[in-house]
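Let me begin by presenting the structure, written as structure tokens, before commenting on it.
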Amino acid sequence: MIVTVSTLVIWGEKDTALIPRNLDDLSEFVPKLTIKRVPDGSHWVIHEKPAEVNSYIRAFIQSAKQPRFPMSVNSNAGSWEA
């Protein structure tokens, strides 16, 4: 199975519940993968570093809103075209 949507993984490097090898070759199955590593974060990185995690999430969402191809306005129809 291939995940085709943009995906964000935020990984606490000091996570003792999950092994870092879980990330190995993940991009093979998730081509639009972004990994953000938090060196001093554990399995509970969202609680330990909420500001950092939130900034990663906000940036990821913002980048997903950006068009992936040039767009222009069709002045005749008032609609967007690729």
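Where a number appears in this text, it was derived from the coordinates with a stated rule and is not lab data. Remember, predicted model here, so these are calculated numbers, not experimental data. Methodologically, a virtual Cβ is constructed for each residue, glycine included, from the backbone with ideal geometry; neighbour enumeration extends over all protein chains shown.
Could you please find all residues in the range 7-50 being within 22 Å of residue 65 (Cβ to Cβ) and in contact with an Asp or Glu (Cβ under 9 Å, 6 or more places away or on another chain)?
Listed by number, the residues that qualify are 10, 36.
Any chance you could count how many residues in the range 1-24 are assigned to a loop (DSSP other than H, G, I, E, B) and either hydrophobic (A, V, I, L, M, F, W, C) or touching a residue at least 60 places away in the same chain (Cβ under 8 Å) (or both)?
Residues that pass the stated criteria total 7.
Here is a list: 61, 57. Which entry is assigned to a helix (DSSP H, G or I), in contact with a Leu (Cβ under 9 Å, 6 or more places away or on another chain) and free of Cβ contacts under 8 Å to residues at least 12 places away in the same chain?
61
Please identify the pairs in which a residue from the range 35-48 that is in a strand (DSSP E or B) has its Cβ atom under 6 Å from the Cβ atom of a residue that is of a type outside the set (Val, Ile, Thr), counting only partners at least 6 apart or on another chain.
So the pair list comes out as 36/56; 37/11; 37/13; 38/12; 38/49.
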